[in-house]
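Read through the structure below, which is laid out as structure tokens, and then see the notes.
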Amino acid sequence: MPAPKKTARRSLLVTSAVLSSLALAVPAAVAAPKPSGSPSSSPSATPPASMSTVGGARLGRPGTQVNLASGVPVLPKDVSARSWVVADAETGDVLAAHNAHWRLAPASTLKMLFADTLLPKFPRTAKHKVVPSDLAGIGPGSSMVGIKEEETYTVHDLWLGVFLRSGNDAVRVLSAMNNGVENTVREMNEHAEELQALDTHVVSPDGYDAEGQVSSAYDLTLIARSGLQKKDFREYCSTVSAKFPGETKKDKKGKTVRKPFEIQNTNRLLSGDVGLPAYQGIAGVKNGNTTNAGSTFTGVAERNGKVLLVTVMNPEKSEYNGVYKETARLLDWGFKAAGKVQPVGELVPPKSAQAGERPGANPSGEAGGSGDGGSGTAAGAKPVAGAPGADGAGGMGTALGIAGGVLVLLAGAAFLVNRRWPLPDLVRRRSRP
């Protein structure tokens, strides 16, 4: 890119960041209202004319949002999803989107929020004996890993059941360990708000269809980005196969035995399927499918040092493994377009992200906390360029704007432009014993 174009692009980015900082002074409604009562979880045939603008005004518009220009590849035409997002997982740039904030049923992709909320709470070596009440309330037709009453499982076992088999039984047991489903749902909603995933409203922690339960492609991408800051989250979502404890029985000799059985990850871009090879560089994250939601999927992949997140919700085209194929097409486009296309928005940081924190202050990539589970929140995460940050960031931008410190504000905006929320090294195609 010639120097004048670089300068112009840098100026444009700085100006954008300045405007974003000044916009924080205006308490405008940047998000669609939270659900009140029990709104219908069945979406209309078309997206609403006005949606949340978290991450940028264009992300609140219906239809496809992309800045096509010379050298930018054309988006794939065979993508039928109601909603999708292609984002740079590190910088937070949204490269392209389609109805990004359309609030739709999330299915089991909501388990990413469940994991991001609960993973730090229990050591993976902790054990729990399942009682009948732990498995109460599981919806008919739920995906299950095969947990049995009166058997003991480690937390590690349970998380493998959540991520690989999308086991609603594993979700219920972990919820029981967390003082019950009601408490878990409350904490998930609180964590969604902390992440600024404001399209999301949790009713059932496992993603099973429930009245009023919604999320969006934007929110699911945001949640995945938060989860990937955690070591255990990265490990579990990238595990292809594992051994899961079976039922305790007596063998022919009368000896008590408990043989494990193998479980496979239901993420077909990770494990592959008939006519669908594993996607090059795939590293997770989570799939889902219910009657109301259709197929949903969020995937993360890395090529040549570039890490992309793609979320696809409810492809309308009937195609075997369609949600994975459409995700793969969008990932292919994203890797070709990265560095060439101007973003249409961004993935905002959590509310608790500190505006004054220096980039690279947490090189491990773990968002604070300690132990195998990583952190409970992304308090150590770094805001991305121009994102509406925590109160500290908004206060600084407002104060500088009112004081008329334009030069200082420009310097601050330039700093924001270069901020990154780095992802740690991803784990790919891991098989667990």
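The values are calculated or read from the model by the stated rules, or taken from the named source; none is laboratory data. Since the model is a prediction, treat every value here as computed from it, not as a measurement. Cβ coordinates were reconstructed from backbone atoms using ideal geometry, including for glycine residues, and neighbour counts include every protein chain displayed. To get the accessible areas, we keep the full protein, side chains included, count just its heavy atoms, and leave off ligands, DNA and RNA. Shrake-Rupley method; radii C 1.70, N 1.55, O 1.52, S 1.80 Å.
Collect residues whose amide H, placed 1.01 Å from N in the peptide plane, falls under 5 Å from the amide H of residue 347; neighbours closer than 5 in sequence don't count.
Under 5 Å from the amide H of residue 347: 93, 94.
Hey, any idea what % of the range 112-162's accessible area is carbon plus sulfur with a 1.4 Å probe?
56
Work out from phi, with θ = phi - 60° and the Karplus expression 6.51 cos²θ - 1.76 cosθ + 1.60, the ³J(HN,Hα) of each residue of the range 301-318, listed in order in whole Hz, and give x for Gly and Pro.
Once rounded to whole Hz, the list reads 9, 10, 9, 6, x, 9, 10, 10, 10, 10, 10, 10, 10, 6, x, 8, 7, 7.
Mind listing the long-range amide H neighbours of residue 65? Cut-off is under 5 Å, sequence gap 5 or more, other chains count too, H placed in the peptide plane at 1.01 Å from N.
Excluding prolines and chain starts, which carry no amide H, the hits are 97, 98, 99.
A 28 angstrom limit on the alpha carbon distance is what I want to check against. Which of 148/351; 121/243; 111/148; 127/231 exceed it?
Table pairs above 28 Å Cα-Cα are 148/351.
What is the range 292-352 by shape, rounded, prolate or oblate, if you read a ≥ b ≥ c off the alpha carbon gyration tensor as root eigenvalues and call it rounded for a/c under 1.5, prolate for a/b larger than b/c, and oblate otherwise? Don't jump to the answer; show the numbers that get you there.
Details: a/c = 2.17, a/b = 1.37, b/c = 1.58.
It is oblate, given that a/c is not under 1.5 and a/b is not larger than b/c.
Under the rule of at least 5 residues apart or a separate chain, name every residue whose amide H is placed under 5 Å from the amide H of residue 80.
Here the answer is 316, 317, since their amide H atoms fall under 5 Å of that of residue 80.
In whole Hz, what ³J(HN,Hα) sequence does the range 328-344 give by Karplus (6.51, -1.76, 1.60; θ = phi - 60°), x for Gly and Pro?
4, 5, 6, 5, 4, 5, x, 5, 6, 8, 4, x, 10, 9, 6, x, 9
What ranking do 300-306, 314-320 get when scored by the average of other Cβ atoms within 10 Å per residue, highest first?
Going from most to least packed, we get 300-306, 314-320.
Tabulate in residue order the Karplus-calculated ³J(HN,Hα) for the range 56-72, using 6.51 cos²θ - 1.76 cosθ + 1.60 with θ = phi - 60°, rounded to whole Hz; enter x for Gly and Pro.
x, 4, 5, 6, x, 8, x, x, 7, 10, 7, 9, 7, 8, 4, x, 8
Taking the mean number of other Cβ atoms within 10 Å as a proxy for protection, how do you rank 157-168, 270-281 from highest to lowest? Working shown, then result.
Working: 157-168: 26.2, 270-281: 15.2.
Order by mean packing, descending: 157-168, 270-281.
Show me the ranking of peptides 98-111, 62-75 by mean Cβ neighbours inside 10 Å, starting with the highest.
The most tightly packed comes first, giving 98-111, 62-75.
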